[in-house]
Each structure stands twice: as C-alpha cells, then as structure tokens.
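The values are calculated or read from the model by the stated rules, or taken from the named source; none is laboratory data. Here the structure is a predicted model, which is why all the values come from computation and not from measurement. Reconstructed Cβ throughout: ideal geometry from the backbone, glycine too, with neighbour counts over all protein chains shown.
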Number of protein chains: 2
Amino acid sequence: MGKGTRNVKTMYSVSALARTFALGALLTLGLPAQAQTDPLPSWNDGAAKTAIVDFVQATTTQGSPKFVPPAERIATFDQDGTLWVEHPMYTQVMYVLERVPALVKAKPELAKVAPFSTVLEVLKGDRAAIAKLTEKDLLELVAATSTGMSVETFQSEAKKWLAEAKDPRWKKPYTELTYLPMQEVLKYLRANGYKTYIVTGGGQDFVRVYSEATYGIPPEQVVGSAGGTKYGYGKDGKPFLTKEPKLLLNDNNAGKPEGIHLMIGRRPVAAFGNSTGDRQMLEYTKAGDGARLSMLVLHDDAKREYAYGPAQGLPATKVGTFTQALYDDAKKKGWTVISMRNDWKKIFAFEQ
Amino acid sequence: MGKGTRNVKTMYSVSALARTFALGALLTLGLPAQAQTDPLPSWNDGAAKTAIVDFVQATTTQGSPKFVPPAERIATFDQDGTLWVEHPMYTQVMYVLERVPALVKAKPELAKVAPFSTVLEVLKGDRAAIAKLTEKDLLELVAATSTGMSVETFQSEAKKWLAEAKDPRWKKPYTELTYLPMQEVLKYLRANGYKTYIVTGGGQDFVRVYSEATYGIPPEQVVGSAGGTKYGYGKDGKPFLTKEPKLLLNDNNAGKPEGIHLMIGRRPVAAFGNSTGDRQMLEYTKAGDGARLSMLVLHDDAKREYAYGPAQGLPATKVGTFTQALYDDAKKKGWTVISMRNDWKKIFAFEQ
C-alpha cells in the first residue's frame, strides 16, 4: 500500500464511523445516514461516476422502488485489468515464471526441457520469448510451481515474492498498482452495505494471499480458478492440505457465473470487468430483476497506463481481450463503459 | 422458526445492539463491550458450556495470549445431527424421496424401475424399504429430482416443500427442529465477531434455501456437497444456470477440510460436528496454532430426541455414525463431547 492509499483509508474512516452509527442505532433516531463528502474523489464527473452513485443511492434508500435488502447486496469484481494493472503480463504469470529458477535448481534436468527452458530465456531478458508459451505450457508451469506443497507453504512463498517483486515499468510492488478509483468504488459499496467479492480467472489461492491487505477483501470473498487439495498427515501426525494439480473451477467466461453460484450462491447486483472473460458475469448480473449495475473498464490511456483492445481502434493484445463485440455487447445490454482516460482523475494512489 | 426461537432473537437483540456500539465506537470510549446476561441459557453448567465460554473470552479479549483477530474468527458447523435432527432420515433425503411421485407422474415408465419403485413403496408406508436404498441409489435419485433445472426452479421447489413438509415424530416443519442450544452458540459466536459457516455433507444448494431464515447464516456461508452448473440462455435470451448431475465437491470426511479451503480459504478456529463424517474437520481445526475449539454432539437422549452410536453402548444407525473410534479420538485430541442429555436444558425452542 502506498502513502496515497493510506490517505484514502484515513479519509474513509470518517464515513465508516458514520456508517456504524447509522446502521447500528442512529438510523432509528432519524439522524442522517450518509457522510456528505464525495465518495469517489478520483473520478471525473460523467456518465460512469453518475451510474455508480445513482445505483448506490437507488439500491440503499429505504422506500426506493429499487431498494435491495442488505443481505442481497453482492458486488463482484474481476481483478486483472479491472482492479489492478494486467500489462505486460498478469502478475501471477510473473510469479510462476520467477519460481522456475528455484525449481530448476532442485531438478537441473528441467533446464533443457520446454516450457522450463523457454522461461529461463525470458528471465534472461528475452521478453519476446513469453509469446512462445501456450496456455497448456502455463498450466504445466502452474502445476510445477504451485502444487505438490502444503497450502501454507504456497501462501508463504507467494507472500515473500509479492513483498520483493517489482513491476518493470513503475518499479513498484504489484500490490501498489491497484486503481485508486476502483479502490474508492470498493469502499463506497462496502460503506453502503455491499459485500465486495473478487471473481478472477487468476488462481484463487494466489489472490487470497494479498486480497485483504490490498483491497480489504477477505480470502473467503475471493472466487478464482481453483485446484483441488488433498487432506493428509505430516510426519508429526498433524493434518494438512496439499495443493493438487487438478483443476476444480476454471473461473473464466461461463465459469464466472458458475463459480459465483458455487461460492456465493446469489446473483450479484453489481459487477465490474474489463475483458471478454468477464462477459458472462456482466451479462448474468445485468439480467437479474430490479436494479443492476454492470461496468466495463476500457484501457484507453496509453500515457498514464496502457491502451489496448480493438474497440476504438486500439491494438489487440494477448491479455485483457477487449473486442469490438464486447464493446457492442456493453452498448446493447446497458453496461456502462469506464474510460480510464476520461473518467479517472487519478489512476494510482502514488501519482502526484 | 418457532415462537421460542423468536424469544431468543428478542433476547439477543440487546446484546446485538451492545455489540454494535462496542465494536463501532464505544470501545474507544472505554465502555463495557459485553452484555452481562447468560449467552447460553439453554445449557446446563458443565464442561461443555465452560469450554465454549472460556474459548470465546480467551479469543476475543484484547491482550489475551489466545486473542484471535476478528478477520480470522471462523467457526464451522456440521448441520445434520449437529444443528438439527437427522433421524430417522436426513431431511434432504426425505425431500428427494417425496419428489419422486411428481417425477413418476411425468415419466410413468419409472414406476416399475428401481430405485424409483422402491421409493414409491417407502412412501406408501413401507418405511423399512428405505434400507434397500444404496448410496448409489440416493445419488441417482438426487440427480433425477434435483438437477436438469435452473437454480431458481430448484430453489422455489425446495422452498415450497420445506414450507409444507412435516417431521413424522413432532409433526412440525423440519426447520423448527433445530437445537436451541446450538442456535445460542451460533448467536453467541456472531455477537463476538465470529463468522459462522455451515459445512455439511448435504447439498449446498438445498441448505442455502433455508440457512438464512433458519440459522441466520447467509447462502455464501454454506459449504456443502456441490454439483456443477452450466451457463446457458433461455428462449427469451436471458442467461441462467442449469443444475448438472456432476459432483464437484463431496463435502464429507476429508472433503470437509478440502471444501473449507476451497470456499473459505482459512482454517477454522472452532468446529462442531456429530459423526465420523466430521472427524477430519474437527481434527484439522484443532491442529491449528493458538486457541482452538472442536466439539462433538453426542446423541444420548432417547427421550427428548434420539440415542444412537456405539459409544456408551448406544445402538448403531445408518445416519450420524458416532463410532467408538470417534469417541476415543475426541478424548485423545482434546475435542469436547456435548451430551445432549446432560448439557442441554432444553433441546427445541418449542419445548415448554
């Protein structure tokens, strides 16, 4: 967390206090329930900001025809490209690649075998070699680096890496590359009784390592691609779970609403995404009865972040696929597109 | 919910209010955090009640060496036989059996085919025929009655049945056959910042239909045996999920800690069970660092409820297997056994 993010936290503690009083007791005394400060200070005025504020007010105002009971206030957020930077490569892929040298040290015979040999080239500086890795290769690398160990060992290795690794462009820990405007949305929704969930195509166990510190989202509110575990006993007789190379949930595309049903059991009222992998989640959310908010983050700010996707003539990339069809879907189905360039005053907390 | 349960609710609203003030703001003013009333009035004084109260005080008192941060306060409860009656047959099995006549009406050829024909015998009054049903038969019956429909259709059918069905002994809705002392434990833990989860071998989708109204546990805090769903579109173009006859999680035995990792991602601090299917959950919970509470409900009250299990010379039954080995495990591993006969002043809210 950067210094700026801490400032945001301080700012919000006032409204959190106001909320505690409001929900707990003072509402019954008729005192005002909401702080009067702007809940989304990093957003420019415009259709996107208005859509969020109007939605929250409509769904949380007693007597509103669109009122949503607190228990049903579920909001789901894709992570990569929606809550934090996904370029030039997903953070978890960087983790997996950077685990390979330790793996090769333990099993030197892997150094000459693809895809491990390809990864070693990438890490030596041949960034372009990353394009050689297929999805099958990535699954093999995930299995080799992130399974066959206890869940606690995985957690402590991932935690250690996250504390040290830096994004190549900003030279900052990945966990500081979250979007300040989206952090504000998370806090604004929570301050209004929403339970916020991450619903990511990334690995559930990986994201759970930092979700609480980074987003204020506890592990149990992270839904992601998940492998199986196996219960067993250590030499000391103590039971533990071993991560297995068996995919239980591929939390992408149709897997997102399916994963939401499995892990949450309710249709979300609000959903946020940025790529074709989020299409079904946005569609499923918006198709529910009553007030619904589906939003799509468009990466159109080449200067402050990145610009990609064929919509609006931006170049296509390997990650965060934002197709013209997705853009058309947004228009047709009433999802609100968030332009990073136009809607966000500030992208990162560390910006001056 | 019976009348008595509502009384308990009223009683607890006082401590809930106290808690809101305490956690939200008044703690900082140094006012007392806890209401002084007995949080477990349906419990007799004894080792079990003491174990619960001591555990809660040790884990929630600031400065206690066993203090557990609020975010880590996870408590898991088996359902059948731990939170409500499981005899003479699990409620969900009764649901599945009682769906069969409608199924046979739609497909008359099933009337002469096992296991459907066996179920028709049972429903005609031949209760003993239930013993003919194997586990494979039950899975076939679940698939036939509870899949191939939208999740919403399943929910509304199960809800309708639960509103009408009655337990054969007490002639009351199944949802009134919850154990009042365990309802008190759920509320006591929640009033002290614990998140309470059901972790059941029963169907996750089935239990989620009534968990909130019956136990105050929202659907997203129910972990159970779960089938897959498939995302698709209706004739109106609207997306929906269809329940599939594919088992994703068998939430029994080792499946309980595995399911807990998948759905919660943290090791529980407290766990409650009553049968061999809960052994690994109790063991996994107790093996964690710091303060841990594992408790086992012993059905030893033939008069007020049922007595079963070979421990203490009780007869074995098909459901809720409580073996001598489980009883020995409890002693060896420091789980506390709850005697329904001795520890519970009242079993049901509707008792006079």
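List of remarks:
Residue by residue, here is whether (1) within 19 Å of A:LYS345 (Cβ to Cβ); (2) in the same structural domain as A:TYR215 (by TED's automatic domain parsing); (3) exposed (fewer than 14 other Cβ atoms within 10 Å of the Cβ); (4) touching a residue at least 60 places away in the same chain (Cβ under 8 Å) holds:
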site: A:THR50; (1), (2), (3), (4): yes, yes, yes, no
site: A:THR59; (1), (2), (3), (4): no, yes, no, yes
site: A:ALA71; (1), (2), (3), (4): no, yes, yes, no
site: A:THR82; (1), (2), (3), (4): yes, yes, no, yes
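- Answer residue from the range A:202-223, given it is closer than 24 Å to B:LYS256 by Cβ, touching a residue at least 60 places away in the same chain (Cβ under 8 Å) and assigned to a strand (DSSP E or B) and is farthest from the other protein chains (Cβ to nearest Cβ) among those: A:GLY203
- Test result for A:GLU98, surrounded by fewer than 18 Cβ atoms within 10 Å (Cβ to Cβ), at pLDDT 95 or above, within 26 Å of the chain's Cα centre (by Cα) and under 30 Å from A:LYS160 (Cβ atoms): yes
For (1) surrounded by fewer than 22 Cβ atoms within 10 Å (Cβ to Cβ); (2) within 26 Å of B:LYS235 (Cα to Cα); (3) touching a residue at least 24 places away in the same chain (Cβ under 8 Å); (4) not assigned by TED's automatic domain parsing to the domain that holds A:LYS331, each residue gets a yes or a no:
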position: A:PRO268; (1), (2), (3), (4): no, yes, yes, no
position: A:TYR284; (1), (2), (3), (4): no, yes, yes, no
position: A:GLY288; (1), (2), (3), (4): yes, yes, no, no
position: A:SER294; (1), (2), (3), (4): no, yes, yes, no
position: A:HIS299; (1), (2), (3), (4): no, no, yes, no
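- A:ASP54 part of a loop (DSSP other than H, G, I, E, B) and modelled with pLDDT of 95 or more: no
- Qualifying residue in the range B:224-245 (condition: surrounded by 15 or more Cβ atoms within 10 Å (Cβ to Cβ) and within 11 Å of the chain's Cα centre (by Cα)): yes
- Subset tally (residues that are out of contact with any helix residue (DSSP H, G or I) (no Cβ under 6 Å at 6 or more places or on another chain), closer than 30 Å to A:ARG190 by Cα and among the charged types (D, E, K, R)) for the range A:235-265: 1
- The condition of being of a type in the set (A, V, I, L, M) and within 19 Å of B:ASP205 (Cα to Cα) holds for only one of B:ALA144, B:ALA129, that being B:ALA144.
- For A:LYS246: the one exception among (1) farther than 23 Å from B:ASP289 by Cα; (2) of a type outside the set (Ser, Thr, Tyr); (3) in contact (Cβ under 8 Å) with a residue 24 or more places away in the chain: (3)
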